[in-house]
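Trainee: Quick one: the structure is below, and I'll ask about it shortly.
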Amino acid sequence: MSFREKLLAKVEKIRGSVPGKLDLRQNEVTVIVRTWTGARAGVGSKTDVETVITNAGYNLKVEELSSKDIVASNGLYQAGDVKIGPITPSHPLGGVLFDTTDPATTSTAREVFYRIEGPSFPTDGAYFKRVEGDDLKNFRFMVTLRRTPFQP
């Protein structure tokens, strides 16, 4: 295991457990990958695979983008968009695979949604689609999401 990978394990533990134990991360983020048997989304029967994203077993930071971020994005972001993370990249002792938050494109009909549940959202959660994700950095990546009217 490289020095960076050893550091990643420590960074993930600190990033997750300190705010988690203080109950500062109250929103649970779940990635839902919906695969359809038909030629396109909405056709045929569906199968959902849900993956909760955490840092060291604790919820991620979820925050609404500031107006400064929205203006600086030159139209990419909108009011109500949220940023999740920092997310610790995969390492031998844990972390999150980048593909979990941005699954590779396939020839099958597939949709990817995010559900965020917590005190700031409706009781059954709010659903989002990915707007953008940071490039994978050495110690973290972030994902920006936009609310969608999707309901399961």
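Trainee: How do the pairs read when you match residues in segment 90-107 that are surrounded by 14 or more Cβ atoms within 10 Å (Cβ to Cβ) with residues anywhere that are in a helix (DSSP H, G or I), using Cβ under 7 Å and keeping only pairs 6 or more apart or on different chains?
Mentor: These pairs meet every condition: H91/E5; H91/L8; H91/A9; L93/A9; G94/A9; G94/E12; G95/L8; G95/E12.
Trainee: If we keep just the residues of segment 112-144 that are closer than 24 Å to G42 by Cβ, touching a Phe, Trp or Tyr at 6+ places or on another chain (Cβ under 8 Å) and of a type outside the set (V, I, T), which is surrounded by the most Cβ atoms within 10 Å (Cβ to Cβ)?
Mentor: Y114
Trainee: Look through T148, T123, T100, T106 and report the one residue that is more than 16 Å from V29 (Cα to Cα) and polar (S, T, N, Q).
Mentor: T106
Trainee: Need the failing condition index for Q78 against (1) outside any loop (DSSP other than H, G, I, E, B); (2) of a type outside the set (D, E); (3) closer than 18 Å to T148 by Cβ, just the number.
Mentor: So Q78 meets the others, but not (1).
Trainee: How many of the residues making up segment 62-75 are in a loop (DSSP other than H, G, I, E, B) and surrounded by fewer than 18 Cβ atoms within 10 Å (Cβ to Cβ)?
Mentor: So the count comes out to 4.
Trainee: OK, next. Under the condition of being at pLDDT below 90 and on the phi < 0 side of the Ramachandran plot, which residue from segment 38-61 is surrounded by the most Cβ atoms within 10 Å (Cβ to Cβ)?
Mentor: In this case the residue turns out to be A41.
Trainee: In segment 39-61, which residues are among the hydrophobic types (A, V, I, L, M, F, W, C) and in a loop (DSSP other than H, G, I, E, B)? Walk me through it before giving the result.
Mentor: Of segment 39-61, the ones among the hydrophobic types (A, V, I, L, M, F, W, C) are 39, 41, 43, 49, 52-53, 56, 60.
Correct list: A39, A41, V43, A56, L60.
The values are calculated or read from the model by the stated rules, or taken from the named source; none is laboratory data. Quantities reported herein were computed from a predicted structural model and do not represent experimental measurements. Cβ: placed from backbone, ideal geometry, glycine included. Neighbour counts: every protein chain shown.
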